[in-house]
Each structure stands twice: as structure tokens, then as C-alpha cells.
Amino acid sequence: MPRCSTCGACSELAPPVLALSEVRFRWPGRTGFSLSLSNLTVDEGETVLLLGESGSGKSTLLSLICGTLLPVKGKVQVAGTDITTLSGGCRDRFRAEQIGVIFQQFNLLPFGTVADNILLPLQFAPERRKRAGDARAAAASLCRELGLPDEVFTAMARTLSVGQQQRVAVARALIGHPPLIIADEPTSALDANSQAAFLELLFQQTSAHGTSLLMVSHDPRLADRFDRVLRMEEIARIERVAA
């Protein structure tokens, strides 16, 4: 159920942060496939786990949500804007402003400092930069909240442990309070204890700022930690198509 942005429980419902309706996408080529999805929503402040095996269309769906792919039909609304109506450049700017992404491989700049990596999205998102306030102080605060020692802030990303890189990737997604966080298999390389600790930190941060989280995984053991669990085979149809 959508939550009120003020109290989270009142009868005045906030609109979904993410809403897809009647979306259809087709990859070209002889080995292409089509993806069809009738409806998908993520409410304000909600944590949603999207489960699916390899080849189930998870990556394609994330690309449609982020606007790096466009459907052949349907609407993809993020924070009230149908991104399918935007030009390529406008979609890039909108994504930088409204969506924080945690990549499976983290995608940190190895020869940049931790501070450089966390602050990077703000270079392309002036409104998000304003929301961050004193951006460098906000980045340092996120690092502390995520359990990173102060000296890491000026260290090169390539010198960090995998666990530290993961936390920097979370801080980069959260900086400037984007309303939606997309996490693509961020716990796939972690053991069970590390997974639990990572998710606890992530949930603490998203809850503190009322941020919505859509996390993709193939691991059903994570399901109990989320407000809601969706399965790709239940919400989308994949068809192999000829050219």
C-alpha cells in the first residue's frame, strides 16, 4: 500500500515512486526475445526484492526502469515522470537526479578516492547536489554511518576490500537522497553473515531518508528481509522471437 510521505500510515496515499504499466520490449535479432509486463509498482519508502533466475529478463527490466532501454509500448514512471517521453539526454539527466544505482560489480573508479567516487553522481545532477547540501560533509557522514573508518575517505578505491567497496557503492547511490535506489545483485559475492550485515546497513539508510529500494537477486533466502517479494516469472512474460 502506498504510504503517506508524512507519517507512513494515514489515509492520504502517496503515489508510487516507480510505476510500470503495459510495458513491452523486444530485443532485435534472431536470438532476441520479448518482455511483457502488465504492472509493477514500488511505493514511497518500500523495500522490494525482485527474484529471478539467469535469463529471466531481470537486467532488461532494470535497464527499462533506468531509461537506458526504451519499451516499444507502455509507461515507465519514476517519481511521477514517464521517462519514455524524454529524449536520450533528458533521460540521462533525469536518471542521475532521481535514481541511485548499486551495481553488481560496484563500478568504482579505481584511481579515484572514495570521496571522488561518492560525489561523482552529483556532477551530473544539480538538484541532487542541492539536496546533498555540503556534499563533501554529507559523503563523509554517509561513510561513517556505513561503518567505514575516517581514513578511508581519502583512500584510492582500488586499495579497498570488497566489503569496503560495496559500502562506498551504497554511499554513492544514497548521496543527495534520490527517491529510488536500484540494487543489482549487490550481495551475490557475500557469505550469509556479510549479506545480513550489508542489508541491515542498506535498510537503515533507506529508512532514514524515506527512500524506496528495488533490489534484484536470484537468492530467495533474502526474501524475509523485504517489505514485498516479486518473482519475474509471475510479473513478466518472456518469449523467444525470430527476427
It is to be established whether one or more residues within the range 39-51 are more than 16 Å from the chain's Cα centre (by Cα), more than 27 Å from Leu201 (Cα to Cα) and in contact (Cβ under 8 Å) with a residue 40 or more places away in the chain.
yes
Note: among Gly45, Gly55, just one is of a type outside the set (Asp, Glu), outside any strand (DSSP E or B), crowded, with 17+ Cβ neighbours inside 10 Å and at positive phi, namely Gly45
When the range 229-243 is checked residue by residue, the ones that are loosely packed, with under 14 Cβ neighbours inside 10 Å, in contact with a Ser or Thr (Cβ under 9 Å, 6 or more places away or on another chain) and assigned to a helix (DSSP H, G or I) are Glu233
Within the range 125-135, is there a residue that is under 12 Å from Leu174 (Cβ atoms), surrounded by 13 or more Cβ atoms within 10 Å (Cβ to Cβ) and touching a Pro at 6+ places or on another chain (Cβ under 7 Å)?
yes
Subset of the range 176-228, residues assigned to a helix (DSSP H, G or I), modelled with pLDDT of 85 or more and more than 25 Å from Glu97 (Cβ to Cβ), comes to Leu199, Glu200, Pro220, Arg221, Leu222, Ala223, Asp224, Arg225
Which condition number in (1) modelled with pLDDT of 90 or more; (2) surrounded by 15 or more Cβ atoms within 10 Å (Cβ to Cβ); (3) in a helix (DSSP H, G or I); (4) not aliphatic (A, V, I, L, M) is the one that Gln166 fails?
(1)
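The values are calculated or read from the model by the stated rules, or taken from the named source; none is laboratory data. Being a predicted model, the structure only gives us computed values, none of them experimental. Note that we place each Cβ from the backbone using ideal geometry, even for glycine, and neighbour counts take in every protein chain shown.
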